[in-house]
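I'd like to ask you about the structure that follows.
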Amino acid sequence: MPEVPNSNTQPGGKAKLSIPKEGLSHQQVLETMRTYQQKDARWQTGQTWSLVYFAGQTHSDFIKQAHNLFMAENALNPGAFPSLARFENEVVSMTASLLGGDEAVAGTMTSGGTESIFLVVKTYRDYARHYRPEIKTPEIVLPVTAHPAFDKACHYLDVIPVFVPLTDELRVDLDKYRQAITSNTIFLVASAPSYPHGTLDPVEALGQLALEKELPLHVDGCLGGFMLPWLKKLGYPIAPFDFSVPGVTSLTADLHKYAYAAKGASVVLYRNRQYRRFQFYVTTRWPGGIYPSSTAAGTRPGGPIAAAWAALQAIGENGYLEMAQRTMAVTQKLKAGISALGELQILGNPVMSVFAYTSPVINIYAVADQLEAKGWLVDRLQHPAALHLMVTLAHEQSYEAYLNDLKEAVEFVKQHPKAGDQGKAAVYGMLAQSTDPAQLVETMLRSLDKTYDN
Ligand SMILES: *Cc1c(COP(=O)(O)O)cnc(C)c1O
């Protein structure tokens with residue numbers, strides 16, 4: 001047995017930073033913060049392709065107002081704040097309608113996709129504990145492209161994720177999916193669409209499989225929940241993916257993505273209240289009182305709930321349809337421009353405004369370095385190496401510049417074939433080829449340590 005290091009026994013020196021003795025003026029504090037902000041990624045001008053969903057300053061100012069109105073209120077106790085309870089229930093209900101749900105569909109709001117997915121894993125784990133107590137090591141089956149929030153939830157909740165590879169079209173392989181189901185499987189997962197490639201898993205076929213095996217099927221619509229329904233209405237070919245599909249028992253949809261709400265807002269929905277019951281938690285033993293809790297958080301900030309309600313009310317169906325159309329127009333132009341370059345290739349058949357491209361002839365990570373040098377925040381994918389674009393309204397102003405810079409970047413890498421051996425490209429290339437996952441994890445943990453060491 002390795003010796004367990006006990007770092008508690010040696011008190012270190014004083015921490016580096018303390019709270020200022022005298023408080024500073026509000027103006028001073030805000031000025032300092034604005035200075036720090038200047039180094040942040042430039043999302044307002046469409047230089048980023050993830051992390052921020054921006055629908056213009058007017059909308060942004062509006063949801064900020066709604067957020068501020070309820071900044072202090074706490075949805076931990078909906079009885080104390082009936083306004084928040086009303087906003088939450090109405091947001092859940094509007095989301096259920098949008099996603100093909102009937103009046104039996106029930107859910108809650110959460111702080112984001114990760115919490116929504118965490119709760120889905122917890123719900124089905126506890127559902128299985130109740131109805132299938134013979135299962136001692138619960139497993140879930142999911143596409144390799146499913147969001148890491150599922151792995152993370154499995155890690156926290158002691159559930160085993162069983163990953164299914166993709167077909168050449170970058171959708172999950174149905175035959176392999178079937179083979180991955182065992183007597184320990186507690187539910188199935190599909191993405192609508194997958195974050196990496198924007199491809200839609202075959203939800204109808206998976207629904208049939210779920211019915212046949214008598215298993216719940218969760219559809220992760222965190223990305224597509226507030227985009228695919230509009231695209232369908234606009235006539236885009238979107239295969240059924242929501243509660244209209246028999247076998248689908250739950251859905252997640254992020255308001256803080258394509259619903260253009262404030263951050264900290266997502267919805268988790270179940271086919272019926274019997275499932276949702278397993279999401280809730282109550283303890284009765286606490287001297288502080290009986291404590292019922294609907295989601296993972298304790299204190300639940302009112303701001304994001306209020307801002308989500310405000311966004312849905314103010315934008316409305318026609319607003320979202322118009323925004324979806326404009327976003328897709330930019331997406332088509334980007335895809336056409338990228339394909340026209342010849343050296344680049346779009347991966348799979350992306351169904352909405354999220355897609356990835358690679359190159360069969362040049363080092364795509366070297367292209368990424370060139371783009372970064374021109375001020376873009378670039379998101380790199382692996383297996384296969386590719387670059388990722390998530391298009392929003394903010395890119396109406398920047399897509400032409402992006403295509404120009406991309407053309408130059410591709411030219412540069414063609415003329416400098418060794419560019420891939422330098423810069424970040426070399427690092428990403430090495431990481432992608434790593435055959436020692438444990439060492440890779442250790443490297444990343446060290447990097448986290450460094451990030452959070454003050
Ligand atoms: C963003 C996303 C998530 C996770 O949501 P967070 O809000 O980042 O926690 C899960 N699934 C998909 C498909 C996503 O796009």
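With respect to residue 170, is the statement that it is over 22 Å from residue 295 (Cα atoms), touching a His at 6+ places or on another chain (Cβ under 8 Å) and surrounded by 15 or more Cβ atoms within 10 Å (Cβ to Cβ) true?
Values: over 22 Å from residue 295 (Cα atoms): yes; touching a His at 6+ places or on another chain (Cβ under 8 Å): yes; surrounded by 15 or more Cβ atoms within 10 Å (Cβ to Cβ): yes.
Against the criterion (over 22 Å from residue 295 (Cα atoms), touching a His at 6+ places or on another chain (Cβ under 8 Å) and surrounded by 15 or more Cβ atoms within 10 Å (Cβ to Cβ)), residue 170 qualifies.
Let me ask you something else. Exactly one condition in (1) open to solvent by less than 40 Å² (accessible area, probe 1.4 Å); (2) within 16 Å of the ligand (Cβ to nearest atom) is not met by residue 156; state its number.
Residue 156 satisfies all of (1) open to solvent by less than 40 Å² (accessible area, probe 1.4 Å); (2) within 16 Å of the ligand (Cβ to nearest atom) except (1).
Could you grab me the full set of residues in region 75-113 that are farther than 19 Å from residue 240 by Cβ, within 16 Å of the ligand (Cβ to nearest atom) and among the hydroxyl-bearing types (Ser, Thr, Tyr)? Break it down into steps so the answer makes sense when it comes.
Step one: of region 75-113, the residues farther than 19 Å from residue 240 by Cβ are 75-94, 103, 106-113.
Narrowing the set further to residues that are within 16 Å of the ligand (Cβ to nearest atom) leaves 91, 107-113.
Of everything in region 75-113, those that are farther than 19 Å from residue 240 by Cβ, within 16 Å of the ligand (Cβ to nearest atom) and among the hydroxyl-bearing types (Ser, Thr, Tyr) turn out to be 108, 110, 111.
Another question, then. Any idea how many residues of region 212-271 are at positive phi and without any contact (Cβ under 8 Å) to a residue 24 or more places away in the chain?
Of the residues in region 212-271, the ones at positive phi are 214, 235, 247, 260, 264.
Narrowing the set further to residues that are without any contact (Cβ under 8 Å) to a residue 24 or more places away in the chain leaves 214, 235.
The qualifying residues number 2.
Return the pair list, or none, for Cβ contacts closer than 9 Å from residues in region 340-355 that are closer than 27 Å to residue 230 by Cα to residues that are among the acidic types (Asp, Glu) and open to solvent by 30 Å² or more (accessible area, probe 1.4 Å), at least 6 apart or on different chains.
So the pair list comes out as 348/168; 348/169; 349/169.
Under 6 Å between Cβ atoms, at least 6 apart or on separate chains: pull out the pairs that start in region 107-124 with a residue that is without any contact (Cβ under 8 Å) to a residue 12 or more places away in the chain and end on any residue that is surrounded by fewer than 24 Cβ atoms within 10 Å (Cβ to Cβ) and assigned to a helix (DSSP H, G or I).
That search, which allows pairs on different chains as well, returns nothing.
Here are some residues: 260, 270. Which one is of a type in the set (Phe, Trp, Tyr) and within 15 Å of the ligand (Cβ to nearest atom)?
260
Would you tally the residues in region 108-151 being buried (at least 20 other Cβ atoms within 10 Å of the Cβ) and basic (Lys, Arg)?
1
Which of the residues that make up region 181-199 are closer than 13 Å to residue 144 by Cα and among the hydrophobic types (A, V, I, L, M, F, W, C)?
188, 189, 190 - these are the residues of region 181-199 that are closer than 13 Å to residue 144 by Cα and among the hydrophobic types (A, V, I, L, M, F, W, C).
In addition: Please state which one of 96, 41, 55 is of a type outside the set (Val, Ile, Thr), surrounded by fewer than 16 Cβ atoms within 10 Å (Cβ to Cβ) and either at positive phi or touching a residue at least 60 places away in the same chain (Cβ under 8 Å) (or both).
Testing whether each residue is of a type outside the set (Val, Ile, Thr), surrounded by fewer than 16 Cβ atoms within 10 Å (Cβ to Cβ) and either at positive phi or touching a residue at least 60 places away in the same chain (Cβ under 8 Å) (or both) leaves just 41.
Additional query: Tell me the helices (runs of 4 or more DSSP H) entirely within region 394-454 that contain at least 1 residues that are over 24 Å from residue 371 (Cα atoms). Walk me through it before giving the result.
Values: elements: 399-415, 423-433, 437-452.
Output list reads 437-452.
Give the number of residues within region 308-359 that are open to solvent by 10 Å² or more (accessible area, probe 1.4 Å), more than 19 Å from residue 265 (Cβ to Cβ) and of a type in the set (S, T, N, Q).
Residues flagged as open to solvent by 10 Å² or more (accessible area, probe 1.4 Å), more than 19 Å from residue 265 (Cβ to Cβ) and of a type in the set (S, T, N, Q) within region 308-359 amount to 8.
Being modelled with pLDDT under 95 and polar (S, T, N, Q) is true for just one of 415, 433. Which residue is that?
Details: 415 fails: modelled with pLDDT under 95.
Testing whether each residue is modelled with pLDDT under 95 and polar (S, T, N, Q) leaves just 433.
Oh, and also: Within region 370-410, can you find the residues that are open to solvent by less than 30 Å² (accessible area, probe 1.4 Å) and over 30 Å from residue 60 (Cβ atoms)?
Across region 370-410, the qualifying residues are 386, 409, 410.
Which of the helices (runs of 4 or more DSSP H) contained wholly in region 98-204 include at least 2 residues that are modelled with pLDDT under 95, closer than 22 Å to residue 254 by Cβ and among the polar types (S, T, N, Q)?
Working: elements: 113-131, 148-157, 174-180.
Qualifying helices (runs of 4 or more DSSP H): none found.
Matching residues to (1) modelled with pLDDT under 95; (2) within 21 Å of the chain's Cα centre (by Cα); (3) basic (Lys, Arg):
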residue: 270; (1), (2), (3): no, yes, no
residue: 274; (1), (2), (3): no, no, no
residue: 280; (1), (2), (3): no, no, no
residue: 301; (1), (2), (3): no, yes, no
residue: 307; (1), (2), (3): no, yes, no
residue: 322; (1), (2), (3): no, no, no
residue: 331; (1), (2), (3): no, yes, no
residue: 335; (1), (2), (3): no, no, yes
residue: 339; (1), (2), (3): no, no, no
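Residues checked against (1) touching a Ser or Thr at 6+ places or on another chain (Cβ under 8 Å); (2) away from the ligand (no atom under 11 Å from the Cβ):
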site	(1), (2)
186	no, yes
198	yes, no
210	yes, yes
213	yes, yes
225	yes, no
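Considering only residues that are open to solvent by 10 Å² or more (accessible area, probe 1.4 Å) and either within 16 Å of the ligand (Cβ to nearest atom) or of a type in the set (Ser, Thr, Tyr) (or both), which ones fall in region 227-241? Break it down into steps so the answer makes sense when it comes.
First, the residues of region 227-241 that are open to solvent by 10 Å² or more (accessible area, probe 1.4 Å): 229-230, 232-240.
If the condition is that a residue be open to solvent by 10 Å² or more (accessible area, probe 1.4 Å) and either within 16 Å of the ligand (Cβ to nearest atom) or of a type in the set (Ser, Thr, Tyr) (or both), then 229, 236, 238 are the ones that fit.
From (1) part of a helix (DSSP H, G or I); (2) in contact with a Ser or Thr (Cβ under 7 Å, 6 or more places away or on another chain), pick out the condition that doesn't hold for residue 297.
(1)
The values are calculated or read from the model by the stated rules, or taken from the named source; none is laboratory data. This one's a predicted model, so the numbers in the text were calculated from it and none came from an experiment. When we count neighbours, we look across all protein chains shown, and the Cβ atoms used for this are built from the backbone with ideal geometry, even at glycine. Just so you know, the surface numbers come from the protein's heavy atoms only, side chains and all, with ligands and any DNA or RNA stripped out. Shrake-Rupley method; radii C 1.70, N 1.55, O 1.52, S 1.80 Å.
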